[in-house]
Amino acid sequence: MIFLLKYFLVSHIFFGLLGIIFFYAVLISGIKQINFQKIKFFRRSALFGFLSFVLSWLTGGYYYVLYYGAAVKPTIIAGKYPWAHSIFMEIKEHIFLFLPFAALVITLMFYLFWDNLNQNPKIKNSVIALSAIVVIIGTIIALMGIIISGAVR
(Lines give C-alpha, C1' and ligand atoms only; values in the text may rest on other atoms or scores of the structure.)
Protein backbone atom coordinates (compact mmCIF):
# COMPACT_ATOMS: atom_id res chain seq x y z
CA MET A 1 0.00 0.00 0.00
CA ILE A 2 1.39 3.37 -0.96
CA PHE A 3 1.94 6.13 1.58
CA LEU A 4 -1.01 8.21 0.37
CA LEU A 5 -3.45 5.36 0.94
CA LYS A 6 -2.01 4.72 4.41
CA TYR A 7 -2.41 8.42 5.12
CA PHE A 8 -6.07 8.32 4.09
CA LEU A 9 -6.76 5.21 6.16
CA VAL A 10 -5.15 6.69 9.27
CA SER A 11 -6.89 10.02 8.64
CA HIS A 12 -10.22 8.23 8.30
CA ILE A 13 -9.75 6.60 11.70
CA PHE A 14 -8.36 9.74 13.34
CA PHE A 15 -11.10 12.07 12.13
CA GLY A 16 -13.81 9.56 13.04
CA LEU A 17 -12.51 9.23 16.59
CA LEU A 18 -12.07 13.00 16.83
CA GLY A 19 -15.70 13.50 15.80
CA ILE A 20 -16.82 11.08 18.52
CA ILE A 21 -14.70 12.94 21.09
CA PHE A 22 -16.15 16.34 20.14
CA PHE A 23 -19.73 15.09 20.37
CA TYR A 24 -18.96 13.30 23.63
CA ALA A 25 -17.86 16.69 24.97
CA VAL A 26 -21.15 18.21 23.76
CA LEU A 27 -23.11 15.35 25.34
CA ILE A 28 -21.42 15.42 28.75
CA SER A 29 -21.39 19.21 28.96
CA GLY A 30 -25.05 19.34 27.96
CA ILE A 31 -25.98 16.81 30.62
CA LYS A 32 -23.96 18.56 33.35
CA GLN A 33 -25.32 22.03 32.72
CA ILE A 34 -28.84 23.03 33.55
CA ASN A 35 -28.63 25.63 30.80
CA PHE A 36 -26.43 25.75 27.74
CA GLN A 37 -24.32 28.65 28.98
CA LYS A 38 -21.03 28.32 27.12
CA ILE A 39 -22.17 29.19 23.62
CA LYS A 40 -18.67 29.23 22.12
CA PHE A 41 -17.79 25.83 23.56
CA PHE A 42 -20.92 24.13 22.23
CA ARG A 43 -20.73 25.80 18.84
CA ARG A 44 -17.07 25.00 18.35
CA SER A 45 -17.33 21.43 19.63
CA ALA A 46 -20.31 20.67 17.40
CA LEU A 47 -18.74 22.37 14.37
CA PHE A 48 -15.38 20.60 14.81
CA GLY A 49 -17.18 17.30 15.39
CA PHE A 50 -19.22 17.78 12.22
CA LEU A 51 -16.13 18.70 10.18
CA SER A 52 -14.27 15.70 11.62
CA PHE A 53 -17.04 13.35 10.51
CA VAL A 54 -17.07 14.89 7.03
CA LEU A 55 -13.29 14.52 6.75
CA SER A 56 -13.53 10.93 7.97
CA TRP A 57 -16.24 10.30 5.40
CA LEU A 58 -14.15 11.74 2.57
CA THR A 59 -10.84 10.10 3.49
CA GLY A 60 -12.53 6.74 4.16
CA GLY A 61 -14.38 6.94 0.86
CA TYR A 62 -11.20 7.73 -1.02
CA TYR A 63 -9.42 4.78 0.63
CA TYR A 64 -12.37 2.46 0.01
CA VAL A 65 -12.71 3.30 -3.67
CA LEU A 66 -9.00 3.17 -4.49
CA TYR A 67 -7.77 0.34 -2.31
CA TYR A 68 -10.17 -1.48 0.01
CA GLY A 69 -12.56 -2.75 -2.66
CA ALA A 70 -9.81 -4.15 -4.86
CA ALA A 71 -7.22 -5.36 -2.34
CA VAL A 72 -8.61 -5.73 1.18
CA LYS A 73 -12.17 -6.91 0.57
CA PRO A 74 -11.08 -10.00 -1.47
CA THR A 75 -8.57 -10.89 1.25
CA ILE A 76 -11.26 -10.76 3.93
CA ILE A 77 -13.79 -12.71 1.85
CA ALA A 78 -11.20 -15.40 1.04
CA GLY A 79 -9.99 -15.58 4.67
CA LYS A 80 -11.27 -17.26 7.80
CA TYR A 81 -13.75 -14.49 8.63
CA PRO A 82 -15.67 -13.53 5.49
CA TRP A 83 -18.61 -12.48 7.66
CA ALA A 84 -16.49 -9.56 8.90
CA HIS A 85 -17.05 -7.87 5.58
CA SER A 86 -20.45 -9.31 4.78
CA ILE A 87 -21.99 -8.18 8.04
CA PHE A 88 -19.94 -5.44 9.67
CA MET A 89 -18.65 -3.53 6.65
CA GLU A 90 -22.06 -3.46 5.01
CA ILE A 91 -23.66 -2.18 8.22
CA LYS A 92 -20.84 0.31 8.73
CA GLU A 93 -21.10 1.68 5.20
CA HIS A 94 -24.79 2.44 5.55
CA ILE A 95 -25.02 3.62 9.14
CA PHE A 96 -22.05 5.98 8.80
CA LEU A 97 -23.98 7.99 6.24
CA PHE A 98 -26.25 9.09 9.08
CA LEU A 99 -23.53 10.56 11.30
CA PRO A 100 -22.49 13.68 9.35
CA PHE A 101 -26.14 14.66 8.87
CA ALA A 102 -27.01 14.17 12.54
CA ALA A 103 -23.88 16.14 13.44
CA LEU A 104 -24.96 18.92 11.08
CA VAL A 105 -28.39 19.11 12.73
CA ILE A 106 -26.78 19.45 16.17
CA THR A 107 -24.37 22.08 14.89
CA LEU A 108 -27.16 24.08 13.26
CA MET A 109 -29.18 23.93 16.48
CA PHE A 110 -26.33 25.64 18.33
CA TYR A 111 -25.87 28.29 15.66
CA LEU A 112 -29.46 29.03 14.64
CA PHE A 113 -31.58 28.18 17.68
CA TRP A 114 -29.35 28.95 20.64
CA ASP A 115 -32.03 30.93 22.51
CA ASN A 116 -34.60 28.16 22.06
CA LEU A 117 -32.21 25.62 23.60
CA ASN A 118 -32.10 27.50 26.86
CA GLN A 119 -35.80 28.33 26.95
CA ASN A 120 -37.28 25.01 25.86
CA PRO A 121 -36.21 21.90 27.79
CA LYS A 122 -37.71 19.61 25.13
CA ILE A 123 -35.43 21.05 22.45
CA LYS A 124 -32.44 20.91 24.79
CA ASN A 125 -33.17 17.27 25.66
CA SER A 126 -33.57 16.45 21.97
CA VAL A 127 -30.14 17.89 21.18
CA ILE A 128 -28.61 15.96 24.09
CA ALA A 129 -30.35 12.75 22.94
CA LEU A 130 -29.16 13.23 19.35
CA SER A 131 -25.63 13.86 20.64
CA ALA A 132 -25.86 10.59 22.60
CA ILE A 133 -27.02 8.78 19.46
CA VAL A 134 -24.08 10.22 17.50
CA VAL A 135 -21.61 9.11 20.18
CA ILE A 136 -23.12 5.62 20.47
CA ILE A 137 -23.33 5.02 16.73
CA GLY A 138 -19.83 6.45 16.21
CA THR A 139 -18.43 4.13 18.86
CA ILE A 140 -20.20 1.11 17.37
CA ILE A 141 -18.85 1.98 13.92
CA ALA A 142 -15.33 2.29 15.35
CA LEU A 143 -15.66 -1.14 16.96
CA MET A 144 -16.87 -2.59 13.65
CA GLY A 145 -13.77 -1.13 12.01
CA ILE A 146 -11.62 -2.97 14.55
CA ILE A 147 -13.40 -6.25 13.76
CA ILE A 148 -12.95 -5.70 10.01
CA SER A 149 -9.27 -4.83 10.45
CA GLY A 150 -8.76 -7.98 12.51
CA ALA A 151 -10.24 -10.09 9.71
CA VAL A 152 -7.52 -8.96 7.30
CA ARG A 153 -4.75 -10.56 9.36
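Can you find a residue in the stretch 57-75 that is part of a helix (DSSP H, G or I), within 30 Å of Ile31 (Cα to Cα) and modelled with pLDDT of 85 or more? So far as the stretch 57-75 goes, yes, one or more of its residues are part of a helix (DSSP H, G or I), within 30 Å of Ile31 (Cα to Cα) and modelled with pLDDT of 85 or more.
If I ask for residues that are modelled with pLDDT under 95, closer than 17 Å to Ala129 by Cβ and either among the hydroxyl-bearing types (Ser, Thr, Tyr) or assigned to a helix (DSSP H, G or I) (or both), which ones from the stretch 29-51 would you list? Correct list: Ser29, Gly30, Ile31, Lys32, Phe42. Helices (runs of 4 or more DSSP H) fully within the stretch 77-142 that include at least 3 residues being hydrophobic (A, V, I, L, M, F, W, C) and over 17 Å from Ile21 (Cβ atoms): 98-112.
Let me confirm something: among Ile31, Ile95, which residue is exposed (fewer than 14 other Cβ atoms within 10 Å of the Cβ) and either farther than 19 Å from Ser11 by Cα or not acidic (Asp, Glu) (or both)? Walk me through it before giving the result.
On the way: Ile95 fails: exposed (fewer than 14 other Cβ atoms within 10 Å of the Cβ).
Answer to the check: Ile31.
Applying a threshold of 9 Å to beta carbon distances and a minimum spacing of six or more residues, or different chains, the list of pairs starting in the stretch 72-97 at a residue that is in contact (Cβ under 8 Å) with a residue 24 or more places away in the chain and farther than 14 Å from Ile140 by Cα and ending at one that is of a type in the set (Lys, Arg) and surrounded by 13 or more Cβ atoms within 10 Å (Cβ to Cβ) reads His85/Lys73.
Taken over the stretch 94-132, residues that are at pLDDT 90 or above and either of a type in the set (Lys, Arg) or within 30 Å of Val72 (Cα to Cα) (or both) amount to 7.
The values are calculated or read from the model by the stated rules, or taken from the named source; none is laboratory data. Being a predicted model, the structure only gives us computed values, none of them experimental. When we count neighbours, we look across all protein chains shown, and the Cβ atoms used for this are built from the backbone with ideal geometry, even at glycine.
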